[in-house]
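Note sheet for the following structure.
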Amino acid sequence: MVKPISEKISDEILARLALITTANGYEFTVASVSYVSRDLDDWPKGPLSIVVNKTETVDNDELSCPGNPPRLAFDATFTIHGYASVLDTDDSEVGIVDSGVSDFEMAAAIQKAITTDTAAWETMDGNAVFSKLTRSESFDAPDRDGAMWDLVVTYRTPENDPYTAG
């Protein structure tokens, strides 16, 4: 099945995050990696789960260029939420399920998984012009804690073909 470049980039991000396992040299193994295309608050979160959502896509006029066909460039922001601990509401005793992983360990694992690649990690397997991890912060809410990264991926496609990197 042919996928648009934006979806290929999402798939690459998920594949890299799924490599967070003790067998690959990390301190812990993630329980799940998911892509959310709707409201993040409605998505179930578990300890050691990672949820990715594309929060924004904007035109990048500087990297768009005329031609035959013209190339359109975009900056897509993906927010990566790594949950270390969450509120357990399934048991009769409601409490925090502590995974033993700190928000710092979660942030470091996400950073390593995204930026470690045999080729240039910034190109997202040849589908992007450039990628950059930007904002990182810990979150400590009443029902969950962990770390969050923003990953801005700049990609370009022909104006008439969003399925081809250009």
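The numbers here are math on the coordinates, done by the rules we state, and not lab data. Computed from a predicted model, the values in this text were never measured in an experiment. Positions of Cβ are generated from backbone atoms using ideal geometry, with glycine treated the same way; all protein chains shown enter the neighbour counts.
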Please sort 11-17, 54-60 by packing, taking for each peptide the average over its residues of neighbouring beta carbons within 10 angstrom, highest first. 11-17, 54-60
Proxy reagent accessibility, fewest Cβ within 10 Å first, across Phe139, Phe104, Phe74: Phe104, Phe139, Phe74
